[in-house]
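The values are calculated or read from the model by the stated rules, or taken from the named source; none is laboratory data. Small disclaimer: the values here were computed from a predicted structure and weren't measured. Every residue, glycine among them, receives a Cβ derived from its backbone with ideal geometry; neighbour counts consider all protein chains shown.
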């Protein structure tokens with residue numbers, strides 16, 4: 001399994017070092033006896049590649065799923081479907097073997113997040129949080145401990161409170177969800193609503209993660225569409241043209 005970078009999506013760079021590299025190396029060693037992970041500490045990519053994003057996602061997903069003390073089949077299926085859609089069936093089978101090993105290991109959340117924050121652009125970090133909320137809601141229920149862990153992860157990743165609440169509101173609905181998605185309150189004027197939509201449309205535009213591949217960009221489009229839907233709901237309620 002010397003070419004493990006291929007099944008992780010390719011482009012592995014900074015992720016093979018630091019705490020993430022140690023965790024993945026442990027998991028790979030548990031699954032593939034002949035796996036050898038070679039880390040060159042003097043060669044670190046400055047930009048996030050597909051492999052870096054997918055490995056970060058696997059490690060953080062493991063931390064969230066372990067938060068409430070129960071690993072649910074619905075959550076495993078959510079992760080599996082995501083990777084099949086993005087990397088294909090063959091690669092996903094190997095990824096899930098490693099993922100199951102990650103679920104047995106204690107994840108040093110702060111250290112992992114600091115490594116991601118130092119090497120991953122903000123738009124990709126937002127996409128990670130969006131995925132984690134989707135994972136948390138995979139069984140149709142709200143698990144507060146999982147939400148707490150996602151909040152902890154978001155803080156370490158440098159995702160501010162407003163962006164966190166916006167992403168959370170896309171999955172956990174209440175009477176003010178549409179406004180939270182646009183990062184405003186119900187007291188906002190019509191002009192402020194329009195301005196907020198333009199701002200969020202730029203922030204969550206799928207082109208910002210286009211370098212991570214077409215399929216990751218499609219997932220980002222889902223987030224973008226939720227911003228559009230929230231804006232359309234508010235316009236309809238207010239009679240905004």
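Pull up segment 172-184, narrow it to residues that are part of a loop (DSSP other than H, G, I, E, B) and touching a helix residue (DSSP H, G or I) at 6+ places or on another chain (Cβ under 6 Å), then point me to the one that is surrounded by the most Cβ atoms within 10 Å (Cβ to Cβ).
The residue in question is 182.
On the basis of being modelled with pLDDT under 95, farther than 20 Å from residue 225 by Cβ and either surrounded by fewer than 17 Cβ atoms within 10 Å (Cβ to Cβ) or not assigned by TED's automatic domain parsing to the domain that holds residue 140 (or both), does residue 201 make the cut? Show your work before the answer.
Working: modelled with pLDDT under 95: yes; farther than 20 Å from residue 225 by Cβ: no; either surrounded by fewer than 17 Cβ atoms within 10 Å (Cβ to Cβ) or not assigned by TED's automatic domain parsing to the domain that holds residue 140 (or both): yes.
Here the answer is no, as residue 201 does not meet what is asked.
Out of segment 45-84, which residues are touching a helix residue (DSSP H, G or I) at 6+ places or on another chain (Cβ under 6 Å) and not in a helix (DSSP H, G or I)?
Within segment 45-84, 45, 48, 67, 68, 71 meet the criteria.
Tell me, which residue of segment 85-121 that is in contact with a helix residue (DSSP H, G or I) (Cβ under 6 Å, 6 or more places away or on another chain) and outside any helix (DSSP H, G or I) is surrounded by the fewest Cβ atoms within 10 Å (Cβ to Cβ)?
Here the residue is 108.
Quick one: which residue in 141, 124, 169, 154 is at negative phi and either loosely packed, with under 15 Cβ neighbours inside 10 Å or out of contact with any helix residue (DSSP H, G or I) (no Cβ under 8 Å at 6 or more places or on another chain) (or both)? Steps first, answer last, please.
Details: 124 fails: either loosely packed, with under 15 Cβ neighbours inside 10 Å or out of contact with any helix residue (DSSP H, G or I) (no Cβ under 8 Å at 6 or more places or on another chain) (or both); 169 fails: either loosely packed, with under 15 Cβ neighbours inside 10 Å or out of contact with any helix residue (DSSP H, G or I) (no Cβ under 8 Å at 6 or more places or on another chain) (or both); 154 fails: either loosely packed, with under 15 Cβ neighbours inside 10 Å or out of contact with any helix residue (DSSP H, G or I) (no Cβ under 8 Å at 6 or more places or on another chain) (or both).
Only one candidate passes the filter, namely 141.
Under 19 Å from residue 131 (Cα atoms), at pLDDT below 70 and touching a helix residue (DSSP H, G or I) at 6+ places or on another chain (Cβ under 6 Å), is that true of residue 35? Can you show your working first?
On the way: under 19 Å from residue 131 (Cα atoms): no; at pLDDT below 70: yes; touching a helix residue (DSSP H, G or I) at 6+ places or on another chain (Cβ under 6 Å): yes.
Taking the combined requirement at face value, the residue does not satisfy it.
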